[in-house]
Amino acid sequence: MAAMAGPPRLTRAARAHLPADTVRGLPPEGAGVGIVHLGPGAFHRAHQAVFTQEAMAAEGGDWAICAAAARGRAVVDALRAQDGLYTVTERAADGADRVRVVGAVADAVSARDEPERFAVAVAAPTTHVVTLTVTEAGYRHDPATGRLAEDDPETAADAAGRPPRTAVGQLVRGLQARSRLGGTPLTVLSCDNLPANGRLLRGLVESFCALLPEREGGPLWEWISAHTAFCGTVVDQVVPATTPADVDRVAAALGYRDTAAVVGEAYRSWIIEDAFAGPRPAWERVGARLVADLAPYETVKLRCVNAVHSAAACLGLLLGATTVSEAVGHPALRPFLVALYERELAPSAAAHGGAPPAAEAVLARLGNPHLRHRLAQIAQQGAKKLPQRLLAPAAEHLATGRDPRLACLAVAGWARLLRLPPGERPALEAGSEDIAAGLAAARGPREAVDLLRVHVPALSQGGGRDLGDRVADALAGLEREGAEGALRAAAP
């Protein structure tokens, strides 16, 4: 007996058969591309693409997106098969779903496999904005210098002339193609959780140009610096990885299967540095904020949202939790997170001119039980994330004579996670696995943290009895008393 066919795939042909409220605001099929986006993962599709669709509905314009994958091509293939359409499910804390169809993506390309197509898209005179969400690791930089990592073989290979595989290499080669055509000014927006991400990306592009032969790199950087604005942004929305159950729920609701579906919270924030080189979508008409100074907003996001996420992930995994909602609801961890936020994180953000929300408001957002945001996903890339999220505010407290013991305990949670046997902790990305191998062989907490200093130079901030020493003390407590005991002692 033949197997029953599943629901048809979501495509433009399905539009007439979908509920009216799910396709309201969908751009016309002929909208021209005005934005190239590098890294069309779940976050971009739930966040910037939705802002762009709403801006097009509010004011029109040819602002459709060319979605370019920097590495794999699974998302590209899914979007192509669906005429660029996909669904965003906004999941409220009460479990109610709002499903909308997004059609802001007009084209999809693999920057790795189709470098010429990507370069043509960046060089097109109709392209006015390039945006990026490639995660912290995708910039392949040294956080201590803000420059490209000098020992990165992938960056070196890109600079030597192979078809580029790194995000910065792909961006520079696209800008080079634009320069050859005498292209009009372009704005580049980094949308990743990195301090001063616009300035950082500008510096990485400059340092990539410096790796090129002088006759090529010098004139290219001169053109880029004269014709390209690198603007910073601060983005905020919880977007967990899509599960097969999420895909099935969309199919049940719409009658169409969407293999590019994404799920996120209803909250969505985008703060953008208003220093564009040319035209842009009317994002400010649909909730984005354009500001002259990003610093206060950036500090609040990194220290009052991302830092809590990281602390909940590292310590929650040690307690046996698997999702953020489980972690923030744990009777030993929740009081600790409130104390960490109110005593160390929020004051440090306020000192930089930010306006931190109440601790319970943050935990209510992050603890949405229907989002199923996996702690293992958040715990990735700790060596790149924790310095700006937890160690930076800790260093400032130390400099003013206060003991940042709660932030140091959160960082110690990450170190403890790395010291667990592979079968007792979630699989981490290659960089963290390499660090874990060394930490597992260390003879004690202090030796482990001394090894960790090589990968996280920020641990050596403070002089004398520095942050690393405090993290080592906290790690000793975790290994002696267990996670629950150490947390209850830190925030009784």
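The values are calculated or read from the model by the stated rules, or taken from the named source; none is laboratory data. The structure presented is a predicted model; accordingly, all values stated were derived computationally and were not measured. Heads up, the Cβs are rebuilt from the backbone with ideal geometry, glycines too, and the neighbour counts pull from every protein chain shown.
Tabulated results
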item: Hits in region 79-98 - residues which are surrounded by fewer than 23 Cβ atoms within 10 Å (Cβ to Cβ) and under 21 Å from the mean Cα position of the chain (by Cα); result: 89, 90
item: Some residue of region 94-103 being β-branched (Val, Ile, Thr), over 18 Å from residue 72 (Cβ atoms) and either in contact with a Phe, Trp or Tyr (Cβ under 8 Å, 6 or more places away or on another chain) or assigned by TED's automatic domain parsing to the domain that holds residue 386 (or both); result: yes
item: Tally of residues being hydrophobic (A, V, I, L, M, F, W, C) and more than 30 Å from residue 299 (Cβ to Cβ) across region 176-208; result: 2
item: Criterion (touching a Gly at 6+ places or on another chain (Cβ under 8 Å) and either outside any helix (DSSP H, G or I) or under 24 Å from residue 461 (Cβ atoms) (or both)) met by exactly one of 415, 339, 395; result: 395
item: Residue match in region 457-466 (condition: at pLDDT below 95, out of contact with any Pro (no Cβ under 6 Å at 6 or more places or on another chain), surrounded by 14 or more Cβ atoms within 10 Å (Cβ to Cβ) and over 23 Å from residue 146 (Cβ atoms)); result: no
item: Inter-residue pairs, beta-carbon under 6 Å, first at pLDDT 95 or above and in region 83-95, second in a loop (DSSP other than H, G, I, E, B) and surrounded by fewer than 19 Cβ atoms within 10 Å (Cβ to Cβ), 6+ apart; result: 83/11; 90/266
item: Failed condition for residue 71, given (1) assigned to a helix (DSSP H, G or I); (2) of a type in the set (D, E, K, R); (3) at pLDDT below 95; result: (1)
item: Cβ pairs under 9 Å, 6+ apart, first in region 24-39 and within 27 Å of residue 136 (Cβ to Cβ) and assigned to a loop (DSSP other than H, G, I, E, B), second of a type in the set (Asp, Glu) and at pLDDT 95 or above; result: 39/192
item: Criterion (touching a residue at least 60 places away in the same chain (Cβ under 8 Å), surrounded by fewer than 22 Cβ atoms within 10 Å (Cβ to Cβ) and closer than 30 Å to residue 305 by Cα) met by exactly one of 200, 171; result: 200
item: Any pair with Cβ under 8 angstrom, 6 or more apart, that starts in region 270-282 at a residue that is in the same structural domain as residue 192 (by TED's automatic domain parsing) and ends at one that is of a type in the set (Lys, Arg); result: 270/289; 271/289; 272/289
item: Subset of region 306-332 [closer than 15 Å to residue 407 by Cβ and either touching a residue at least 60 places away in the same chain (Cβ under 8 Å) or in the same structural domain as residue 274 (by TED's automatic domain parsing) (or both)]; result: 306, 307, 309, 310, 311, 312, 313, 314, 315
item: Qualifying positions in region 203-216 - surrounded by fewer than 19 Cβ atoms within 10 Å (Cβ to Cβ) and not aliphatic (A, V, I, L, M); result: 203, 206, 213, 214, 215, 216
item: Region 48-78 - residue that is surrounded by fewer than 20 Cβ atoms within 10 Å (Cβ to Cβ) and small (Gly, Ala, Ser) and, of those, nearest to residue 262 (Cα to Cα); result: 78
